[in-house]
Amino acid sequence: FGGHHLGINVTLAGRENVLSPTHTGTQPATYTLDGRTIRPLGDENDKAFALINALNAEQQKQAILGFEVRNLVLGPGADGTMIQPEGVRAAAFTPAQRTMLLELAREWVGILGDEAAAAKMKEIQSGITDTYFAWAGPTTVGKGAYFRIQGPSVFIEYAQQGAGENNIDHIHTIYRDPTNDYAARMTKR
């Protein structure tokens, strides 16, 4: 199921299901409907900024990439590609920081039904010490930034499209499972 800002790949086999890869995006990032402000991907943005700002100075130094990233590195068309992990390793996180990282990942995993999402979150949690969090851009809420979560069974990117820290109105994200995109594990049985 797809469109420019939505590409959902779901494979079902009995009680098992895989939601990977999935692309979500939005433009505009904020709009008003019936007098309410709507922010698609707002929780993802807010949780990411909360996490980067919960890191201590040394952790931030490791997390923040020394270059600008304005597009998905492993977005659509990058199937089967892997990159070297960058950023700060969650093994160095406090328990509270790990919880924040898991809650951030849950924003994508939670698209699945409760049972499947719980199983996937358990899998991500089991690899948390080998999971990395990388950031590019300002750490001030409301500014354009990029982040990545990369672990043994998860790869999530969030990229605000276009140049400049004030360009925050066009967002692309990707959720992948490097071990199971398109249900590779299920189809090899």
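The values are calculated or read from the model by the stated rules, or taken from the named source; none is laboratory data. What you are looking at is a predicted structure, and each value in this text was computed from that prediction instead of being measured. Heads up, the Cβs are rebuilt from the backbone with ideal geometry, glycines too, and the neighbour counts pull from every protein chain shown. Ligands, DNA and RNA are excluded from the accessible area calculation, which covers all protein heavy atoms including side chains. Shrake-Rupley method; radii C 1.70, N 1.55, O 1.52, S 1.80 Å.
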Legend entry - Derived scalar couplings ³J(HN,Hα) [region 24-36; Karplus, 6.51 cos²θ - 1.76 cosθ + 1.60; whole Hz; x for Gly, Pro]: 10, x, 7, 7, x, 7, 9, 8, 10, 9, 6, x, 9
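Evaluated at 10 °C with a viscosity of 1.306 mPa s, what Stokes-Einstein diffusion coefficient in µm²/s does region 61-189 have when Rh comes from the Kirkwood expression over alpha-carbon pairs?
In µm²/s, the coefficient is 103.
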Inset, instruction - State which entries of 61/143; 47/120; 61/122 exceed 26 angstrom in Cα-Cα distance in the structure shown. - result: 61/122
Legend entry - Accessible-area composition of region 50-166, carbon plus sulfur, in percent [1.4 Å probe]: 53 percent
Inset, instruction - In nm, give the distance between the simple-model label positions of residue 92 and residue 68, each being 7 Å from the Cα along the Cα-to-Cβ direction. - result: 2.6 nm
Legend entry - FRET E, pair residue 186, residue 46, Förster distance 22 Å, beta-carbon r, rounded to 0.05: 0.05
Inset, instruction - Identify which of 131, 173, 30 has the largest mean-square fluctuation in a Gaussian network model of the chain, with springs joining Cα atoms closer than 10 Å. - result: 30
Inset, instruction - For region 1-50, divide the Cα radius of gyration by the Kirkwood radius and give the resulting Rg/Rh value with two decimals. - result: 1.11
Inset, instruction - Return the calculated 222 nm mean residue ellipticity for the chain, to the nearest 500 deg cm²/dmol, obtained by summing -39500 (n - 2.57) across DSSP H runs with n ≥ 4 and dividing by the residue count. - result: -8000 deg cm²/dmol
Legend entry - Solvent-accessible area per residue, Å², over the chain with all protein chains present [probe radius 1.4 Å]: 49 Å²
